[in-house]
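A.B. asks: Here's a structure for you.
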């Protein structure tokens, strides 16, 4: 699998580290016993706007799924490697999540090779226009695409046109308000603007609580942070995702 790495934290993962890239591909290749290999459900975070909270949404959903007992992996296609940096800080006692970092140019290999999971969550770069062909290969077969956004005009001027493009080939795409101040006029105006587009909006929002930053600093999800503010909202978002993936309610 060209230019793709399986990152390992010493003594912090149950996965053995392959000796080289060739071994990575061999270890992930479909088994001769078809029953042991399955095509995972794929959830992609996509936004052309920086600061929308793609990485935070990705890691918190991955943690929620892992805590629910699913076999979970994350893939970091963002050159800024925020998701990878977070994963490398995860403590031993954290919910088990396997992680892969790769270049979006190698999306074909990633989709073929990373199979033996229940759910794979993908974080992507904001430069969607520069890699539209590769992004379409990732987005079109996805089971769910989330487009995080804040409530400001700067954010919506970027994400609303992208959603218009995205839904032409991926109807399972949803806006999710993230890092917002829910009880403000600017949020209400932003929500009304999104509703006016006719594109689907997840019916809850993720507030801009400091506990999200604290959990990220520690390499954990907000659901792993005791008494953290934001737990209810992340749980609600995960229930929406879980239901829309056909997994039913917890």
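The values are calculated or read from the model by the stated rules, or taken from the named source; none is laboratory data. Given the structure is predicted, the values throughout are model-derived calculations rather than measurements. Glycine also receives a Cβ, built like all others from the backbone with ideal geometry; neighbour counts cover every protein chain displayed.
A.B. asks: When you scan the stretch 227-237, do you find a residue that is over 20 Å from the mean Cα position of the chain (by Cα) and part of a helix (DSSP H, G or I), even just one? Let's see the steps before the verdict.
C.D. replies: Here is the first cut: in the stretch 227-237, the residues over 20 Å from the mean Cα position of the chain (by Cα) are 227-229.
Next, from what is left, pick out any that are part of a helix (DSSP H, G or I): none.
Looking through the stretch 227-237, none of the residues is over 20 Å from the mean Cα position of the chain (by Cα) and part of a helix (DSSP H, G or I).
A.B. asks: Now a separate question. So, in the stretch 71-97, exactly how many residues are touching a residue at least 60 places away in the same chain (Cβ under 8 Å) and either surrounded by fewer than 18 Cβ atoms within 10 Å (Cβ to Cβ) or closer than 20 Å to residue 144 by Cα (or both)?
C.D. replies: 6
A.B. asks: Here is a further query. What tally of residues in the stretch 226-239 results from selecting those that are without any contact (Cβ under 8 Å) to a residue 60 or more places away in the chain and buried (at least 18 other Cβ atoms within 10 Å of the Cβ)? Before the answer, list the steps.
C.D. replies: Step one: of the stretch 226-239, the residues without any contact (Cβ under 8 Å) to a residue 60 or more places away in the chain are 226-233, 236, 239.
Adding the requirement that they be buried (at least 18 other Cβ atoms within 10 Å of the Cβ) leaves 228, 230-231, 233.
The qualifying residues number 4.
A.B. asks: Restricting attention to strands (runs of 3 or more DSSP E) lying wholly within the stretch 135-223, give those where 1 or more residues are surrounded by fewer than 17 Cβ atoms within 10 Å (Cβ to Cβ) and out of contact with any strand residue (DSSP E or B) (no Cβ under 7 Å at 6 or more places or on another chain).
C.D. replies: Where strands (runs of 3 or more DSSP E) fall fully within the stretch 135-223 and carry at least 1 residues being surrounded by fewer than 17 Cβ atoms within 10 Å (Cβ to Cβ) and out of contact with any strand residue (DSSP E or B) (no Cβ under 7 Å at 6 or more places or on another chain), they are 201-207.
A.B. asks: I need a count of the residues in the stretch 104-134 that are assigned to a loop (DSSP other than H, G, I, E, B) and either touching a strand residue (DSSP E or B) at 6+ places or on another chain (Cβ under 7 Å) or exposed (fewer than 15 other Cβ atoms within 10 Å of the Cβ) (or both). Give the steps one after another, and end with the answer.
C.D. replies: Going through the stretch 104-134, the residues assigned to a loop (DSSP other than H, G, I, E, B) turn out to be 114-118, 124-127.
After this cut, where a residue has to be either touching a strand residue (DSSP E or B) at 6+ places or on another chain (Cβ under 7 Å) or exposed (fewer than 15 other Cβ atoms within 10 Å of the Cβ) (or both) as well, the list is 114, 117-118, 124, 127.
Selection size over the stretch 104-134: 5.
A.B. asks: Can you go through 85, 96 and tell me which one is more than 17 Å from residue 165 (Cα to Cα) and either in a helix (DSSP H, G or I) or at pLDDT below 95 (or both)? I'd like the intermediate steps shown before the answer.
C.D. replies: Working: 96 fails: either in a helix (DSSP H, G or I) or at pLDDT below 95 (or both).
Going through 85, 96 in turn, just one is more than 17 Å from residue 165 (Cα to Cα) and either in a helix (DSSP H, G or I) or at pLDDT below 95 (or both): 85.
A.B. asks: Could you check the stretch 44-72 and list, in sequence order, the residues that are out of contact with any helix residue (DSSP H, G or I) (no Cβ under 8 Å at 6 or more places or on another chain) and either farther than 25 Å from residue 128 by Cβ or at pLDDT 95 or above (or both)?
C.D. replies: 54, 62, 66, 69, 70, 71
A.B. asks: Residue check: is residue 183 more than 20 Å from residue 132 (Cα to Cα), at pLDDT below 95 and over 18 Å from the mean Cα position of the chain (by Cα)? Give the steps one after another, and end with the answer.
C.D. replies: Values: more than 20 Å from residue 132 (Cα to Cα): yes; at pLDDT below 95: yes; over 18 Å from the mean Cα position of the chain (by Cα): yes.
Considered against the rule, which asks whether it is more than 20 Å from residue 132 (Cα to Cα), at pLDDT below 95 and over 18 Å from the mean Cα position of the chain (by Cα), residue 183 comes out as yes.
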